[in-house]
Amino acid sequence: MTVEVYTIVITGLGGQGLIRLLQILGQALVTQGYKVITSETHGLSQRGGKVKCFLRFGNKLNAPIPLIGTADMIIALEESSIIDVLNYAKPDKSTKFIISTYEKHNINVEYPSLDYLLNILYENSDNIYFIPAMEIAFKHTKSQKAMNIVILGYILKFLPLNQSIIEGSIKKNFSGEALEMNLNAFNEAFNL
Amino acid sequence: MSYDKIIEGKPGDIKFFLGNEAIVRGAIESGIDIYTYYPGTPSSEVGESFMDIYKEVRMKWVESSINEKVAIEVAGAAYARGATAMVGMKNVGLNVASDPLFALATTRPKNKNSALVILVADDPQQHSSAVEMDSRNYLKLFKIPALEPSNPQECLEFTKEAFKISRKLKLPVILRTVTMVSHARSNVIIGELKQSKIEEDFDLSKEVNVALRIYFLDMKENHIYNRMKHALEISENSTLNRVENEDAINEFKLGIITSGVSYSYVLEALDFLELNTPLLKIGMINPLPVKKITNFLKRCDQIFVVEENDAFLETQVLAIAQMNRLKVRIHGKDPFSYSKENSLLPFVGELNPTLVSLALIKITNLKPKVDLNQIIKRKYNIMERKPILCAGCPHRTTGYALQKAVKKIKLNSERNVYFYQDIGCYTLLAFPPFSFANVKYCMGSSIALAQGVAQTSESLNIAIIGDGTFFHSGIPALLNGIYNKTPILVLILDNGWIGMTGQQPHPGSDTRYYKEGNLKKAIDLEEFLRGTGVNVTVIKHNENKDEEYTSQLRNLIYEKGCDVLENKSLHVILIKDECIQKTVKRQPIIIRYVDPELCNNCGICYSQFLCPAIDERDNSAFIDSNSCLGCGICEEICPNNAINKEED
């Protein structure tokens with residue numbers, strides 16, 4: 001399949017495994033034959049703070065950062081985090097929003113109301129998918145850390161990517177019991 | 001952690017490498033002998049990767065040095081003696097290394113194999129830095145060649161090219177990256193690994209290696225008029241500097257000059273605007289190819305120079321246009337005006353394709369398919385989240401005890417208390433609820449900053465510094481304070497590692513359980529401090545179980561703080577509490593639970609101690625068992641004994 005360029009924006013909080021998600025997905029796309037570029041944020045900024053990463057793939061190599069208004073997909077591993085990257089959504093509202101319903105509240109900071117959130121989300125996209133990623137992750141792995149793998153399983157249906165290739169990429173990252181649990185979480189999300 | 005192993009694979013294989021990993025691959029494809037570094041985001045993964053593989057590829061040596069000055073001196077002398085050497089640091093590290101580098105740049109090794117590449121990773125936008133600094137300005141001072149890759153593939157190729165140029169010219173070569181290149185991950189086609197050609201016999205003649213008046217002026221003549229002249233020839237003839245879209249025609253007669261990651265943003269913006277322009281891509285950013293630039297300027301009516309931060313290229317392009325009396329209009333930052341309005345691109349912060357597109361729209365008046373300004377105008381209520389210390393971080397415990405102690409000192413002495421911060425995770429204590437920060441500059445400065453105010457006021461001045469930073473450059477400032485009998489309180493937060501950049505070792509680190517193993521001799525910081533004759537008190541977490549640790553620490557800070565004020569003495573408190581990210585990898589995590597029956601929701605654990613693993617839920621504190629790393633401090637500070645090791 002030829003893809004000129006496909007841009008994914010991934011947002012969430014430090015410690016949620018965004019970089020792992022980028023690496024697994026990116027490696028699979030490279031194996032599939034695409035040119036891929038991702039940008040990661042390391043260091044102090046990752047600790048509990050907001051993280052914003054990009055993954056872009058296609059037949060030519062692109063810049064590590066996209067233009068605003070041009071993303072094909074926006075993934076939020078934490079619900080409110082998507083607000084920070086709404087300007088990457090296409091004005092024609094075709095950008096897919098994949099949102100984990102997990103909410104991380106901070107003491108002394110007001111969390112956006114659901115009304116406000118839904119309002120601005122539907123202003124920006126006609127393709128919004130809410131995923132109970134925390135619940136699925138917890139069910140299979142007894143930990144919310146696997147939310148990134150759940151999201152990965154869910155988005156696969158939108159991507160030109162062979163399932164066995166992405167499973168191979170996951171296998172490079174886990175072993176033993178953890179691998180089995182993560183694959184179960186991945187498969188449940190894939191079949192949602 | 002590398003996902004794709006750096007040393008595996010055959011020439012032509014495609015890897016999925018970070019820019020930093022591609023640099024390592026490029027170096028081992030150049031027969032590197034030695035790599036020295038001081039960790040600093042975004043350069044750290046280079047050193048860590050070398051540490052993983054150096055024995056396997058039979059390099060002579062890899063070290064995480066005490067600071068960048070020492071790192072460049074170790075690598076510099078290895079270069080002088082005929083090694084293929086590399087040294088790595090972040091942009092501000094070059095400030096620390098600049099003193100030896102000035103002499104080193106002019107020396108001229110006599111050994112055939114000598115080559116030295118200096119990796120300098122800038123961090124525009126300060127993703128992980130205390131300041132934003134464009135290291136390219138140093139190139140005019142040092143007068144050495146520099147290459148700037150724009151993506152991971154170029155990281156590999158330019159590293160190899162840098163070694164070749166250095167070996168040929170006998171000049172150190174800077175490899176300059178930025179965060180979006182070092183931390184971009186992409187397809188990288190690898191080449192062949194190469195064995196080192198280092199020889200045991202070598203020449204260390206003083207005429208070419210000793211910075212001393214009778215030798216230096218000769219070396220400097222040769223440096224500028226011979227070696228840099230050769231560098232200029234390379235710059236003019238190399239494909240590192242090349243014109244792309246040579247035949248592109250546009251109605252504006254516009255051409256673009258750019259380098260590094262900005263090059264990829266330019267391509268993106270041109271695509272977006274469906275604009276065709278010739279483009280001069282500068283890969284060798286010092287010395288600039290004057291003839292190539294002149295020829296490029298001659299064919300255009302307008303030029304747009306696209307670069308991040310300072311107008312390093314633009315000021316030189318302006319000079320080249322003037323030298324040739326060219327009427328071409330040069331767009332960019334209008335660097336001599338200090339005017340935000342006149343500047344098409346910012347001096348401050350990272351570039352991106354949107355900013356480059358907006359600037360091109362101003363130059364051309366083109367109407368893009370997506371109205372960018374319309375998108376920018378829309379504002380949303382964004383939730384503020386400051387970066388926070390990890391759950392279980394020892395610095396939070398110190399902050400909590402310090403807060404209590406200082407409150408008491410202020411109450412009893414009626415004096416003001418000021419805090420001097422340094423570079424490390426503990427910098428986050430600058431934010432509420434702690435707010436321990438009055439002055440902070442750079443690595444190792446806290447102890448001297450405290451002295452400046454202590455010598456000129458009656459206040460209590462407290463320096464907060466980590467162990468890694470203390471070793472890096474805090475020691476001279478402490479000795480200065482001891483010698484001058486300056487009344488300050490110094491808190492050394494000894495967590496055993498360079499925590500912020502990924503828990504790398506420093507000379508005080510106990511590396512027994514890690515990849516460095518028994519190869520290092522850890523310096524005993526306590527003995528070191530006692531040797532200086534300073535008043536030092538050591539407190540270790542979990543040593544005295546009879547008394548609660550936070551109260552011990554609070555009382556100690558209170559007592560020594562009062563003594564600094566009353567007796568005008570200098571006190572050091574060495575707080576030994578290991579980084580939780582290290583201990584959880586060696587010890588089982590004992591998670592704590594809240595008993596909702598006993599909890600009266602006073603909020604001390606989640607709103608005063610501010611542990612990110614604790615939240616309020618159903619009118620009670622609640623510990624998230626996935627986030628808790630088992631430090632146990634919440635159990636200690638809970639006034640109702642509602643936090644325990646067992647779940648009910």
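Stretched out straight at 0.36 nm per residue, the stretch from residue A:142 to residue A:178 would grow longer than its current Cα-Cα span by 11.9 nm. From least to most packed, judged by other beta carbons within 10 angstrom and beginning with the fewest, A:88, A:34 follow the order A:34, A:88. Sorted from longest to shortest, the spans of the Cα atoms of chain B along the three principal axes equal 78, 66, 55 Å.
Summary of the geometry: region B:506-554 and region A:93-108, compared by the centres of their Cα atoms, lie 43 Å apart.
Here the Karplus curve 6.51 cos²θ - 1.76 cosθ + 1.60, taken at θ = phi - 60°, turns the phi angles of region B:636-645 into couplings of 5, 8, 5, x, 10, 6, 8, 10, 9, 7 Hz, with x standing for Gly and Pro.
Within region B:220-243, what residues put their amide N at less than 16 Å from the label point 7 Å along the Cα-to-Cβ vector of residue B:290? Under 16 Å, as judged by backbone N against the label point of residue B:290, lie B:224-237 of region B:220-243.
The mean sequence distance of close C-alpha pairs (under 8 Å, at least 6 residues apart), as a share of the length of chain A, puts its relative contact order at 21 percent. Straight-distance candidates among the aspartates and glutamates for linking to residue B:545, with alpha-carbon spacing under 13 Å and chain neighbours fewer than 8 residues away dropped: B:636.
For chain A, set up a GNM with springs between Cα atoms under 10 Å and report which of A:89, A:63, A:76 has the largest fluctuation. Taking springs between Cα atoms under 10 Å, the residue moving most is A:63. Which residues in region B:323-343 have a backbone N closer than 19 Å to a point placed 7 Å from the Cα of residue B:253 along the Cα-to-Cβ line? Hits in region B:323-343 for residue B:253 at 19 Å: B:323-332. In this structure the amide hydrogen of residue B:436, modeled in the peptide plane, comes within under 5 Å of the amide hydrogens of B:430, B:431, none closer than 5 places in sequence on its chain.
Qualifying GluC sites (Glu not before Pro) in region B:165-267, where qualification requires a DSSP coil assignment and no more than 14 other C-beta atoms within 10 Å, comprise B:192, B:199, B:200, B:246, B:251. Mean partner shielding of peptide B:381-392, defined as the number of other chain Cβ atoms within 10 Å of each residue Cβ, is 6. Distance between the pseudo-spin-label points of residue B:585 and residue B:347 (7 Å out from Cα toward the beta carbon): 4.2 nm. Restricted to Cα atoms, region B:10-53 shows a radius of gyration and a Dmax of 10.8, 32 angstrom. Compactness of the protein assembly as shown was expressed as the Cα radius of gyration divided by 2.2 N^0.38 Å, which yields 0.98. For a label point 7 Å from the Cα of residue A:127 along Cα→C-beta, name the residues of region A:75-95 whose backbone N is under 16 Å from it. What the label zone holds, given the 16 Å backbone N cut-off, is A:75-76, A:88-95. Highest mean packing comes first when the peptides B:30-37, B:382-389, A:67-74, B:170-177 are listed by Cβ atoms within 10 Å, giving B:170-177, B:30-37, A:67-74, B:382-389. Each 5 Å bin from zero holds the following percent of Cα-Cα pairs in region A:1-131: 2, 10, 20, 23, 20, 14, 7, 2, 1, 0. On the beta carbon distance between residue B:378 and residue B:222, with R0 = 35 Å, the FRET formula returns roughly 0.05. Taking GluC sites (Glu not before Pro) across region B:611-648, the ones in a DSSP loop with at most 14 further Cβ atoms lying within 10 angstrom of their Cβ are B:646, B:647.
Pairs with C-alpha atoms separated by more than 21 Å, drawn from the list A:171/B:15; B:60/B:112; A:60/B:15, do not occur. Here the 3J(HN,Hα) profile of region A:159-169, calculated from phi with Karplus coefficients 6.51, -1.76 and 1.60 at θ = phi - 60°, is 10, x, 9, 6, 4, 5, 5, 5, 5, x, 5 Hz, Gly and Pro shown as x. Packing, taken as the mean count of other beta carbons within 10 Å per residue, orders the peptides B:602-615, B:362-375, A:153-166 from highest to lowest as B:602-615, A:153-166, B:362-375.
Given their separation in residues at 0.36 nm each and the Cα-Cα distance between them, residue B:548 and residue B:412 gain 46.6 nm when the chain is fully extended. Other residues with beta-carbon under 13 Å from the beta-carbon of residue B:208 carry, at +1 per Lys or Arg and -1 per Asp or Glu, a net charge of +3.
Peptide A:101-107 is shielded by partner chain Cβ atoms: per residue, an average of 4 of them sit within 10 Å of its Cβ. Across region A:23-34, rounded Karplus estimates of 3J(HN,Hα) from the backbone phi angles (6.51 cos²θ - 1.76 cosθ + 1.60, θ = phi - 60°) give 5, 5, 5, x, 4, 5, 5, 5, 4, 6, x, 8 Hz, Gly and Pro being marked x.
Listing B:206, B:582, B:333 from fewest to most neighbouring C-beta atoms within 10 Å gives B:206, B:582, B:333. Here the peptides A:101-108, B:267-274, B:68-75 are ranked by packing, the mean other Cβ count within 10 Å, and the order with the highest first is B:68-75, B:267-274, A:101-108. Charge tally for residue A:71 (other residues, Cβ to Cβ under 11 Å; Lys, Arg +1; Asp, Glu -1): +2.
Too long at a 32 Å Cα-Cα cut-off: which of B:170/B:333; B:333/B:377; A:104/B:585; B:90/B:576; B:168/B:520; B:229/B:362? Too far apart for the 32 Å limit: B:170/B:333; B:168/B:520; B:229/B:362. A simple spin-label model places pseudo-atoms 7 Å from Cα toward Cβ; at residue B:367 and residue B:625 they are separated by 6.2 nm. For peptide B:181-192, the mean count of partner chain Cβ atoms within 10 Å of a residue's Cβ comes to 5. Note: relative contact order over chain B, using C-alpha pairs below 8 Å and six or more positions apart, is 10 percent. Gap in Å between the Cα centre of region B:440-457 and the Cα centre of region A:156-173? Comparing the Cα centres of region A:156-173 and region B:440-457, I get a distance of 54 Å. For region A:41-192, the Kirkwood radius over C-alpha pairs fed into Stokes-Einstein at 20 °C and 1.002 mPa s yields D = 128 µm² per second. Note on region B:33-182: the C-alpha convex hull projects to 7.9 nm² when averaged across all orientations. Put +1 on the Cβ of each Lys and Arg and -1 on the Cβ of each Asp and Glu in region A:6-190; which of A:125, A:114, A:75 then has its Cα farthest toward the positive end of the dipole? Towards the positive end, the residue furthest out is A:75. Counted residue by residue at 0.36 nm each, then reduced by the alpha carbon distance between them, the extension gain from residue B:485 to residue B:61 reaches 148.5 nm. Summing +1 for each Lys or Arg and -1 for each Asp or Glu among the other residues whose beta-carbon sits under 12 angstrom from that of residue A:102 gives -3. Helices meeting the span-like rule in chain B (full DSSP H runs, Cα extent of at least 27 Å along the helix axis, mean Kyte-Doolittle score of -1.0 or higher): B:394-413. Here the contact order of region B:489-537, divided by its residue count and restricted to Cα pairs under 8 Å and six or more residues apart, works out to 21 percent. Relative to one another, the C-alpha centroids of region B:314-363 and region B:211-234 are positioned 33 Å apart.
Among the chymotrypsin sites (Phe, Trp or Tyr not before Pro) found in region B:475-532, those both in a DSSP coil and sparsely packed, with 10 or fewer other Cβ atoms within 10 Å of their Cβ, are B:513. Using every pair of separate Cα atoms, the Kirkwood estimate puts the hydrodynamic radius of region B:120-199 at 14.2 angstrom.
Taken together, the values in this text are just the output of simple stated rules run on the coordinates, not laboratory data. In this text, all values refer to a predicted model and were calculated from it rather than measured experimentally. Counting neighbours? That spans all protein chains shown, and the Cβs are built from the backbone with ideal geometry, glycine included.
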